[in-house]
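Student: The structure's right below; bear with me while I get my questions together.
The values are calculated or read from the model by the stated rules, or taken from the named source; none is laboratory data. Everything quoted here is computed from the prediction, not taken from an experiment. Don't worry about glycine lacking a Cβ; one is built from the backbone with ideal geometry, like all the others, and counts go over all protein chains shown. All accessible areas refer to the heavy atoms of the entire protein, side chains included, with ligands and DNA or RNA removed. Shrake-Rupley method; radii C 1.70, N 1.55, O 1.52, S 1.80 Å.
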Amino acid sequence: MKILHISLKEQGKDYVSLRYFWDNPTNYKEHKLPIAEIKQLSDGAETDYYTRIPVDYSVTGQALYNWLDKSDRLLANALNQPRQQGLVIAIATGVVTRWYTCTGDRFYLSKIN
């Protein structure tokens, strides 16, 4: 099973450093992503999601996917490659690492750390 490792680290107050690699951590690519592009998602989290009738989670998921993917289509390219055993996307944010396993058209999330 292939693992796409993604690391997100704040770079000041305006940017996040996105670093990713497949097999070798020394062979990575890195991009800066502006936090302002997803600020409205975090600003609205309290009012939009912690209510009796929350906003559709797929809207937030799609916005986060687009934000991460636009750097060089790393998620789209990873998901479009055929894999018999599936794909794991490990996202480290400095606080929590999350593993997303993709099998066919389904993602499964497990939290580590």
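Student: When the residues of region 58-113 are filtered to those that are of a type outside the set (A, V, I, L, M) and open to solvent by less than 30 Å² (accessible area, probe 1.4 Å), which remaining residue is modelled with the lowest pLDDT?
Tutor: Out of the qualifying residues, it is C102.
Student: Follow-up. In this structure, does A63 turn out to be among the small types (G, A, S), over 24 Å from M1 (Cβ atoms) and within 14 Å of the chain's Cα centre (by Cα)?
Tutor: Against the criterion (among the small types (G, A, S), over 24 Å from M1 (Cβ atoms) and within 14 Å of the chain's Cα centre (by Cα)), A63 qualifies.
Student: Let me ask something else about it. What is the one condition in (1) surrounded by 11 or more Cβ atoms within 10 Å (Cβ to Cβ); (2) closer than 20 Å to A63 by Cβ that E30 does not satisfy?
Tutor: Here E30 clears every test but (2).
Student: Sticking with this structure for a sec: Could you grab the pairs with beta carbons closer than 6 Å, sequence gap of 6+ or different chains, first residue in region 47-62 and farther than 21 Å from R73 by Cβ, second one part of a helix (DSSP H, G or I) and of a type outside the set (V, I, T)?
Tutor: V55/D48
Student: Would you confirm whether any residue within region 41-53 is open to solvent by 40 Å² or more (accessible area, probe 1.4 Å), β-branched (V, I, T) and within 17 Å of I89 (Cα to Cα)?
Tutor: Scanning region 41-53 turns up no residue that is open to solvent by 40 Å² or more (accessible area, probe 1.4 Å), β-branched (V, I, T) and within 17 Å of I89 (Cα to Cα).
Student: Check region 31-45 and report whether any residue there is of a type in the set (K, R) and within 30 Å of P82 (Cβ to Cβ).
Tutor: There is no residue in region 31-45 that is of a type in the set (K, R) and within 30 Å of P82 (Cβ to Cβ).
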